[in-house]
Amino acid sequence: MKLNIGISEKHLESITSLLSTVLADEMVLYIKTRKFHWNVSGESFMELHKLFEGQYKQLEEYIDEVAERINKLGVKTIGTLTEFAAATTLTESPGKYPSQKNMLQELLADHETLTRHLRKQVELCGTKYKDAGTTDFLTGLMESHETTAWVLRRYLN
């Protein structure tokens with residue numbers, strides 16, 4: 001059944017493509033955060049182990065919310081590792097196990113990257129695509145990544 005929600009089909013395609021990239025980024029960041037949770041060691045092991053656990057659980061929620069937003073707009077979500085790897089803007093480091101400090105720096109950089117990308121996407125969804133719902137949704141997601149970046153930054157200062 002065709003959607004009739006006040007957004008053109010062309011704009012819906014652009015919005016859901018943009019959201020698929022967000023979904024892929026969230027999934028890659030989730031996997032990286034899990035990897036760091038599993039492999040952190042050293043003096044602050046337990047604190048960082050718990051910090052990363054809280055962060056990957058939050059990312060699980062973001063992943064589900066992004067996928068549901070895509071579905072609300074009438075499109076099926078991507079859902080394989082191949083699709084996520086092809087759509088993400090983030091990078092991975094297979095076979096590398098960074099120090100605690102480097103884990104924090106890498107996660108901080110990724111959250112800041114997502115914040116910058118989301119800021120651009122908020123602008124596009126608001127001005128170009130006239131999709132207030134996705135604009136609002138992405139604004140909240142951006143603010144959440146800003147908060148996580150702030151927390152990670154505090155560990156590094």
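Bear in mind that the values in this text are calculations on the coordinates, not laboratory data. On a predicted model such as this, the values are computed, not experimentally measured, just so you know. Here the Cβ is made from the backbone with ideal geometry for all residues, glycine too, and neighbour counts use every protein chain on show.
Between helix 132-156 and the chain, what is the angle of the helix's C-alpha long axis to the longest principal axis, kept within 0 to 90° and rounded to the nearest 10? Around 10 degrees separate the two axes.
Within region 14-118, the GluC sites (Glu not before Pro) that combine a DSSP coil assignment with at most 15 other C-beta atoms in a 10 angstrom radius are E43, E92. Note on the chain: Kirkwood radius taken over Cα pairs, Stokes-Einstein applied at 25 °C and 0.890 mPa s, translational D equal to 150 µm² s⁻¹. Pairs from the list K32/K120; K76/K128; K32/K76; K32/K96; K35/K57 with a Cα-Cα gap above 21 Å: K32/K120; K76/K128; K32/K76. If the chain linking E65 and R153 were pulled fully straight, counting 0.36 nm for each residue of separation and taking away their Cα-Cα distance, it would gain 29.1 nm.
Using a Gaussian network model of the chain in which every pair of alpha carbons under 10 angstrom is joined by a spring, one finds that among S20, S99, S144 the greatest mean-square fluctuation is at S99. Projecting the Cα atoms of F36, Y129, S17 onto the dipole axis of region 9-156, where Lys and Arg carry +1 and Asp and Glu carry -1 at the beta carbon, places F36 farthest toward the positive end. P(r) tail for region 114-157, what percent of Cα pairs lie past 11 Å? Of all Cα-Cα pairs in region 114-157, 61 percent lie more than 11 Å apart. Each residue of region 3-8 is assigned a 3J(HN,Hα), and the resulting list reads 6, 9, 10, x, 10, 4 Hz, derived from the Karplus form 6.51 cos²θ - 1.76 cosθ + 1.60 (θ = phi - 60°), x at Gly and Pro.
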